[in-house]
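One structure below.
The values are calculated or read from the model by the stated rules, or taken from the named source; none is laboratory data. Quick caveat: nothing in here was measured; it's all calculated off a predicted structure. Glycine gets a Cβ as well: all are built from the backbone with ideal geometry, and neighbour counts include every protein chain shown.
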Amino acid sequence: MMLREKVRTAPLWKKVLASVALTVAASWVVTTTLGVKFGYDDQKETCLDFKFSIVKHSPNHHFTTGEVISFDPATVAPGIFPKGKFLGKLVVGIPGDKLEVTPEGVMVNRILLSTDFSVKYPPKFQSITIPPDHYFVIGTAPGSFDSRYYGLVPQSAVYGVVTPLI
């Protein structure tokens with residue numbers, strides 16, 4: 001019997017299993033050879049404006065304001081997040097920026113970002129100049145747990161750049 005005939009007559013569970021195996025194998029090849037991971041935000045209220053993303057491994061990239069990065073939160077908030085979980089947040093403060101976190105919101109270089117970023121709990125710090133190789137990150141949801149509360153994200157904790165899919 002030819003391969004094509006075997007596929008046509010195979011039971012449905014074998015076809016599904018073959019499809020799943022092929023998808024897993026293709027995902028493994030993509031993630032290991034290209035340094036790409038697939039991200040999914042399972043929260044009811046997402047911290048960014050998308051649920052699915054691709055994360056490109058770029059540990060030596062110097063990120064700019066407006067980029068979304070993925071990082072290991074266990075390095076900035078140990079005991080709160082499990083190891084192996086990655087967060088995606090928006091970069092709003094880069095090395096050299098002067099940052100103020102007040103009850104009214106976050107100010108970067110004396111510009112108020114938005115009143116949506118008001119602080120509901122005591123902030124990690126109130127005024128700081130961001131040192132080299134560190135970033136101040138926020139989520140776009142008002143209740144986001146971000147740098148206002150756990151502080152700066154070191155470059156060493158960053159996995160890479162997040163690109164939204166959906």
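Identify, please: which residue in segment 135-166 is surrounded by fewer than 19 Cβ atoms within 10 Å (Cβ to Cβ) and modelled with pLDDT of 90 or more and is, among those, nearest to HIS62 (Cα to Cα)? The qualifying residue nearest to HIS62 (Cα to Cα) is GLN155. Modelled with pLDDT of 85 or more and surrounded by fewer than 17 Cβ atoms within 10 Å (Cβ to Cβ): is that true of THR75 in this structure? Yes: the conditions hold for THR75. Here is a check on your reading of the model: is LYS98 among the basic types (Lys, Arg), surrounded by 12 or more Cβ atoms within 10 Å (Cβ to Cβ), modelled with pLDDT of 90 or more and assigned by TED's automatic domain parsing to the domain that holds LYS56? Yes; evaluated as a whole, the condition is true for this residue.
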